[in-house]
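Peer 1: I'd like to ask some things about the structure below.
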Amino acid sequence: MHRRGFLAAGLATVLVSERAVAQMKMDDMPGMDMGDHAGQGAAVLPEGEALRELPLLANEASAPGLFKATLTAGSATVRFAEGLDTPILGYNGTSPGPLIEAVEGDRVEITFANRIADEASTIHWHGMPVPADQDGNPMDPVVTGTDRTYSFDLPEGSAGSYWYHPHPHGKTAEQVYRGLAGAFVVKPKADPIPAAYGDTVLVFTDLRLAADGTLPDNTMTDLMNGRVGDHVLVNGQKNPTLTVPCGTMRRFRFYNATNARFLRLSFGAAAMTIIGTDGGLLEAPVAAGDILLSPAERLELVVSFDKPGAATLATLDYDRGWMGPGRPADAGLTLLTVNVSQIEADPVPPLPDRLRPIAQLGAPVVSRRFVFTETMTMNASGMEMGFLINGAAFDMNRTDVIAKAGEVELWEIVNQADMDHPFHVHGTQFQVIEHERSGTISKPAYRAWKDTVNVARGETVRLLLRQDRPGPRMYHCHILEHEQLGMMGIVDVRA
């Protein structure tokens, strides 16, 4: 049942399917109206403060080639707005969590201490090449009050912009929007990008504050569309500022760590060049006038600030589809202001023409098709909603796909739903080979390693992937509310 029929049916009462991972009940759904939260954004957040660097997670190990640390998830209190204390969940008391930096070839041992009251959690190392039993999937929960050490090696060639977040059964969306997310940068042993460009991590989150400073629970609108906050934050700040000399070339890593917000971004007159995606550097730099980051995607860019004055990173309109009223006005938001001074920057080396080779994955030996749909049905208790893959909602006790380690597969992701769905696969990086919409086939602008790709409504995306490590892996929509309402599956990779 498509959106138009669903909205015509009305929303007096809504139940979530028992098959859905969220397993939410009616009494868990405050605001059983459509949940318009326009009035909840009344809190005024300070703007124009100097951009904060994310705190760096300290390496406790003294041995070379070993990164050892502890991440504790638990309650914390922060002030987003003057005079309002906001209870959040944080890693080591902060949101976003500490920036983790390691080098390809390192051994990583991170102890996760779950101190979230009465809730299990995990840490999913999003996009990282880790063994299945270290991946933090929902079948491997860490119960409250206990610790679990995640251990894995970072292979050569794994440098890239990864991140970490919870992935517990039925609680992922809530734990992320309450503050649990952080960036994990794996550095290369030899970096072709000049060190003079710096390396600035920008983690985008969004925030919804109630009048008393608390974070409101999800509404029906959030469950249907994914939670979109009233404020977009950069490293936990609203529209922070950065001051640079004229002529600066700056390297940025953009992270979309929101539950469901699509970010189409432009730096105005400051020229942007894409140098990397989810899984690391491209083969060669690609100029871009604007970029689209769907939830969970990352991009590395070099931005040239050649004119004195203010250069603003701003949002442009993007229609990703929306159910019901209350579609957020996403265009025209200023996320970051870069003040370019009259002082001339010192000369820096040019951006190399070639960054690294990316071998194309070979011919697939297996082809698979995954179809996204929405379902809205009436029953004796009211209305039941779900987001499905191949007509089924997620079941932790069901294996959906059996794959063989080392084999290249062609996956065809078909979006027959009424909104875009960013698609994420655990345990590997894939290569998008084509998009098809309304009978027109287009190729990507560049070859890249990806772990998340947006599949627009009415679009089919084809990708090549290879899973090299055996064990169960998840694939799902990274609108986290949709994942919890069923749009997720399990691929069992066998040796």
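Peer 1: Take every Cα pair under 8 Å in the stretch 223-371 that's 6+ residues apart, average their separations, divide by the length, and report that relative contact order as a whole percent. Please list the in-between numbers first.
Peer 2: Values: 291 pairs, mean separation 46.2, N = 149.
It comes to 31 percent, rounded to a whole number.
Peer 1: Quick check: at a probe of 1.4 Å, how many percent of the accessible area of the chain sits on carbon and sulfur atoms? Before the final figure, lay out the partial values.
Peer 2: Details: 9510 of 18530 Å².
The nonpolar share, carbon plus sulfur, comes to 51 percent.
Peer 1: Please list 340-348, 170-178, 51-59 highest first by mean number of surrounding beta-carbon atoms within 10 Å per residue.
Peer 2: Numbers: 340-348: 12.8, 170-178: 22.8, 51-59: 14.7.
The packing order, highest mean first, is 170-178, 51-59, 340-348.
Peer 1: Between T399 and T146, what is the spin-label point distance in nm, taking each point 7 Å from the Cα along the Cα→C-beta axis?
Peer 2: In this crude spin-label approximation the distance works out to 2.4 nm.
Peer 1: Run the count for the chain, please: Lys pairs, Cα-Cα under 19 angstrom, 8 or more apart or on different chains.
Peer 2: Values: K25/K171; K68/K187; K68/K189; K187/K450.
Step by step, the pairs that qualify in the chain add up to 4.
Peer 1: Here's a follow-up. Find the centroid of the Cα atoms in the stretch 127-169 and in the stretch 384-444, then give the distance between the two in whole Å.
Peer 2: 22
Peer 1: Ok, one more. I'd like the antiparallel share, as a percent to the nearest 5, of DSSP beta bridges with both residues in the chain. The partial results should precede the final answer.
Peer 2: Details: 98 of 138 bridges.
Roughly 70 percent of the DSSP beta bridges within the chain come out antiparallel.
Peer 1: Related question: Please work out how much length the chain gains when fully extended from Y446 to A331, using 0.36 nm per residue of separation minus the C-alpha to C-alpha distance, in nm with one decimal.
Peer 2: Values: separation 115, 0.36 × 115 = 41.40 nm, distance 2.65 nm.
Roughly 38.7 nm would be gained on extension.
Peer 1: Which ³J(HN,Hα) values, rounded to whole Hz and listed in residue order, are derived for the stretch 421-427 from phi using the Karplus coefficients 6.51, -1.76 and 1.60 in 6.51 cos²θ - 1.76 cosθ + 1.60 with θ = phi - 60°, glycine and proline given as x?
Peer 2: So the Karplus estimates, Gly and Pro as x, are 9, x, 9, 10, 10, 7, x Hz.
Peer 1: Something else now. Amide H of E459: which non-local residues (sequence gap of 5 or more, or other chain) have their own amide H closer than 5 Å, using H built in the peptide plane?
Peer 2: Hits under the 5 Å cutoff: N415.
Peer 1: Another one. According to a simple spin-label model (label point 7 Å from Cα along Cα-to-Cβ), what is the distance in nm between E47 and A211?
Peer 2: Taking the two extended label points, one gets 2.4 nm.
Peer 1: Show the residues, 5+ positions off or on another chain, whose built amide H is closer than 5 Å to the amide H of E297.
Peer 2: Under 5 Å from the amide H of E297 lie the amide H atoms of N256, each far enough along the sequence or on another chain.
Peer 1: In addition: Out of the stretch 82-158, which GluC sites (Glu not before Pro) are coil in DSSP terms and have no more than 12 other C-beta atoms within 10 Å?
Peer 2: Working: sites: E82, E101, E104, E109, E119, E156; in loops: E82, E104, E119, E156.
Within the stretch 82-158, the qualifying GluC sites (Glu not before Pro) (loop, at most 12 other Cβ atoms within 10 Å) are E82, E156.
Peer 1: Quick one: if you stick a label point 7 Å off each Cα along the C-beta vector at A117 and R494, how many nm between them?
Peer 2: The two pseudo-label positions are separated by 4.6 nm.
Peer 1: Per-residue HN-Hα couplings for the stretch 110-127, Karplus 6.51 cos²θ - 1.76 cosθ + 1.60 at θ = phi - 60°, whole Hz, x for Gly and Pro?
Peer 2: 10, 8, 9, 9, 8, 10, 6, 5, 6, 9, 6, 8, 8, 10, 9, 8, 4, x
Peer 1: Going by amide H atoms built from the backbone, whose H comes under 5 Å of the H on E384, apart from near neighbours?
Peer 2: The list, which skips near neighbours in sequence, is L15, T377, M378, N379.
Peer 1: Which of N239, M220, L209 sits farthest toward the positive end of the charge dipole of the stretch 205-245, with +1 on the Cβ of Lys and Arg and -1 on the Cβ of Asp and Glu?
Peer 2: The listed residue farthest towards the positive side: N239.
Peer 1: Using 1/(1 + (r/R0)^6) with R0 = 45 angstrom and r between the beta carbons of T243 and A284, what's the FRET efficiency to the nearest 0.05?
Peer 2: On the way: r = 31 Å, r/R0 = 0.68.
Calculated value: 0.90.
Peer 1: What is the sum of charges around S161, taking Lys and Arg as +1, Asp and Glu as -1, for the other residues whose C-beta is under 12 Å from the C-beta of S161? Before the final figure, lay out each step's value.
Peer 2: Details: positive: K187, R251, R253, R298, K450; negative: E101, D199, D278, E297, E300, D451.
Overall, the nearby charge balance is -1.
Peer 1: Do the sum for the chain: with -39,500 (n - 2.57) for every DSSP H run of n ≥ 4, divided by all residues, what is the mean residue ellipticity at 222 nm, to the nearest 500 deg cm²/dmol? All intermediate terms of the calculation are to be shown ahead of the outcome.
Peer 2: Details: 4 runs with 24 residues, N = 495.
Mean residue ellipticity, 222 nm, calculated: -1000 deg cm²/dmol.
Peer 1: Here's a follow-up. Using Cα pairs under 8 angstrom and six or more residues apart, how large is the relative contact order of the chain, in percent? Could the numbers behind the result be given before it?
Peer 2: Working: 1388 pairs, mean separation 83.1, N = 495.
Result for the chain is 17 percent.
Peer 1: Convert 4 °C to kelvin, take the viscosity as 1.567 mPa s, use the Kirkwood radius over C-alpha pairs of the chain as Rh, and evaluate the Stokes-Einstein diffusion coefficient in µm²/s, rounded to a whole number.
Peer 2: Details: Rh = 23.1 Å.
The estimated diffusion coefficient comes to 56 µm²/s.
Peer 1: With a 10 Å radius around each residue's Cβ, average the other Cβ atoms per peptide and rank 403-409, 474-480, 89-95, highest first. Display every interim value, and only then the final one.
Peer 2: Details: 403-409: 15.6, 474-480: 26.1, 89-95: 21.7.
Answer by packing, highest mean first, reads 474-480, 89-95, 403-409.
Peer 1: While we're looking at this one, here's another question. Within 10 Å, count the other beta carbons around each residue, average over each peptide in 229-236, 331-338, and list them highest first. Could you put the intermediate results ahead of the total?
Peer 2: Numbers: 229-236: 20.8, 331-338: 17.1.
Top to bottom by mean Cβ count within 10 Å: 229-236, 331-338.
Peer 1: Length gain on complete extension for the stretch N390 to A359, per 0.36 nm per residue less the alpha carbon to alpha carbon distance? Could you put the intermediate results ahead of the total?
Peer 2: Details: separation 31, 0.36 × 31 = 11.16 nm, distance 3.10 nm.
Result for the pair: 8.1 nm of gain on full extension.
The values are calculated or read from the model by the stated rules, or taken from the named source; none is laboratory data. It should be emphasised that the depicted structure is a prediction, and the values quoted were computed from it without experimental measurement. When we count neighbours, we look across all protein chains shown, and the Cβ atoms used for this are built from the backbone with ideal geometry, even at glycine. Accessible surface is based on the protein model in full, side chains and every heavy atom, while ligands, DNA and RNA are left aside. Shrake-Rupley method; radii C 1.70, N 1.55, O 1.52, S 1.80 Å.
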